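The values are calculated or read from the model by the stated rules, or taken from the named source; none is laboratory data. This is a predicted model, so every value here is computed, not measured. Ideal geometry is used to build each Cβ from the backbone, glycine not excepted, and the neighbour counts take in all protein chains shown. Accessible surface areas use protein heavy atoms only, side chains included; no ligands, DNA or RNA. Shrake-Rupley method; radii C 1.70, N 1.55, O 1.52, S 1.80 Å.
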Amino acid sequence: MSEFLTGHAKAHTNIALIKYWGKADSNLILPTNDSISLTLDEFYTETSVKFRSDLKQNILTIDQKQQPTNKLKRVNRIIKHFSDMWDGPKFAEITSDNHVPNSAGLASSASAMAALSGATMKATQTKLSLKELSSVARLGSGSATRSIFGNFVHWHRGHDHDSSYAEPLESPAEFKINMLTVVINDQPKRISSTNGMSNTAQTSPFFKEWTNTANQAIDEMKQAIKSGNFSKIGEMAENNAMQMHATTLSSNPPFTYFEPDTLKVLQIIQQLRHDGIECYATIDAGPNVKIICQNNNLNQIKNSLLSEFNENQLIVAHMGPGIKIY
């Protein structure tokens, strides 16, 4: 067996505060609106890429399980992007360990594709800036664009491959927030994010206004992050999430990712705020609720949730780092 260069990378997943919902270009995965996210410390993917001259196709193993070759479309795109730039072998053996449990209610594609991009860049000895690497990660998963960087991140929607990239946002050094996930359902979604985006973009009369409103919110959210204004960050994130989900209810046919317990968590959050405990909700394409909060209120929020949910349904994460390539 002839072996070539190897690269390793570790990337963390992220949660969007201003959501990515809708594609302007499905091939390049260009979004219809800018987005802003928070990288999380608890959930990450570690990936190794080894190019081998004896391979005729890419081989992917996730958590010690080899994946079927017909499921590697996004992986193949990233490998090809780099292998086209050098004279070495064109296919690789990819080994990935996923530390994003299904029960977390968080998609692992962001950390997985970011780690794959970083490891492949190292293996091929390609010299890219992190900004350029974020554009490549986008080819595997839109949200992977943001997982290249730590803490708060802005993904510019752009109009072509080079102009759609992410960059880190400045926030006060002492400013910290938590993300408490309430796991409502850890099973695969009935309607995938890709299909949900497509359906709402094509049929919801609110979709154009969603895009405009999300883009208009970017500068205000960036200013709130720069000044460490927790209340404004939380209010805007919750409002943006509810606007996104309004597009699903107004689609034809209408659909929702919410489940009864999703609404139960939202009611608990509203009651906590009424009682002077500041916290806010954000919800991606799924039923699980992420609660944005600060350290001083974390225990009280958890105790309120434990009256309706089990301890193993509650997962706390903090602000996380950017990609590590080695």
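Ranked by the mean number of other Cβ atoms within 10 Å of their residues, highest first, the peptides 14-20, 143-149, 63-69, 233-239 fall in the order 143-149, 14-20, 233-239, 63-69. Treating each Cα of region 53-133 as one equal point scatterer and applying the Debye formula with no solvent, the log10 of I(q)/I(0) at q = 0.14, 0.16, 0.21 Å⁻¹ comes out as -0.49, -0.63, -1.04. With kT/(6 pi eta Rh) evaluated at 10 °C and eta = 1.306 mPa s, and Rh the Kirkwood radius from Cα pairs, the chain diffuses with a coefficient of 79 µm²/s according to Stokes-Einstein.
If the chain linking residue 187 and residue 70 were pulled fully straight, counting 0.36 nm for each residue of separation and taking away their Cα-Cα distance, it would gain 39.9 nm. Rounded, prolate or oblate: which fits region 118-239 when a ≥ b ≥ c are the square roots of the eigenvalues of the alpha-carbon gyration tensor, with rounded for a/c under 1.5 and prolate only if a/b beats b/c? Rounded.
When the Cα gyration tensor is reduced to axis lengths a ≥ b ≥ c, the ratio a/c is 1.5 or higher for region 50-95, and with a/b above b/c it is classed as prolate. Computed in the context of the full set of protein chains, the accessible area of region 166-280 at 1.4 Å probe radius has 49% of its extent on carbon or sulfur.
In a reduced charge model with +1 at each Lys and Arg Cβ and -1 at each Asp and Glu Cβ, region 48-167 shows a dipole moment near 240 debye about its Cα centre. Toward the positive end of the charge dipole of the chain, with +1 on the Cβ of Lys and Arg and -1 on the Cβ of Asp and Glu, the farthest Cα among 124, 288, 14 is that of 124. The residues of region 40-197 expose, per residue, 46 Å² of accessible area to a 1.4 Å probe. Rounded, prolate or oblate: which fits region 171-326, taking a ≥ b ≥ c as square roots of the Cα gyration tensor eigenvalues, rounded meaning a/c under 1.5, else prolate when a/b beats b/c? In terms of gyration-tensor shape, oblate. Each residue, residue 86 and residue 312, gets one label point 7 Å from its Cα in the Cβ direction; the gap between the two is 4.3 nm.
Going down the table (19/73; 19/324; 50/226; 23/131; 226/302), which pairs top 30 Å between alpha carbons? Beyond 30 Å between Cα atoms: 50/226.
Be a star and scan region 169-202 for residues whose amide nitrogen sits under 15 Å from the point 7 Å along the Cα-to-Cβ vector of residue 63. Residues 186-189 qualify, since their backbone N sits under 15 Å from the label point. Using a probe of 1.4 angstrom, how much of the accessible area of region 17-100 is carbon and sulfur, in percent? Ligands and nucleic acids excluded, carbon and sulfur give 44 percent. For the chain, the antiparallel share of DSSP beta bridges with both residues in that region comes to about 90%.
Treating r as the C-beta distance of residue 128 and residue 219 and R0 as 25 Å, the FRET efficiency rounds to 0.35. Under a 5 Å amide H cut-off, with hydrogens placed 1.01 Å from N, residue 204 pairs with 252 among residues at least 5 apart or on other chains.
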